[in-house]
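Working notes, beginning with the structure itself.
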Amino acid sequence: MPDDLGFSFKVYRDEFHLFHHDKKAVVLRGEQAREFKEALELGDFSDLQQLMARLTGNFKRGNERLAKNHVRNRRF
């Protein structure tokens, strides 16, 4: 799928374990788990991929190209 960002999840009891490319990224418990469960019922696949990216912190911020050229990041 074109909107597949490599995220998946598994449910264990009342917890949601989020994975990024089959590696555990975060465990949602309590209020976060309840909100994620509600989002599962309302969202489609691409919306859930974006939500999981935000929850795990694995999303592009748009400044990668600028940061690559910064003085601190240049290799001499």
For Leu5, which of the numbered conditions (1) over 16 Å from the mean Cα position of the chain (by Cα); (2) at pLDDT below 90 fails to hold? (1)
Criterion violated by Gly30 - all others in (1) exposed (fewer than 10 other Cβ atoms within 10 Å of the Cβ); (2) at pLDDT below 90 satisfied: (2)
Residue under question is Phe76, and the condition is that it be over 15 Å from the mean Cα position of the chain (by Cα) and at pLDDT below 90; does it hold? yes
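The values are calculated or read from the model by the stated rules, or taken from the named source; none is laboratory data. Being a predicted model, the structure only gives us computed values, none of them experimental. Positions of Cβ are backbone-derived with ideal geometry, glycine not excepted, and every protein chain shown enters the neighbour counts.
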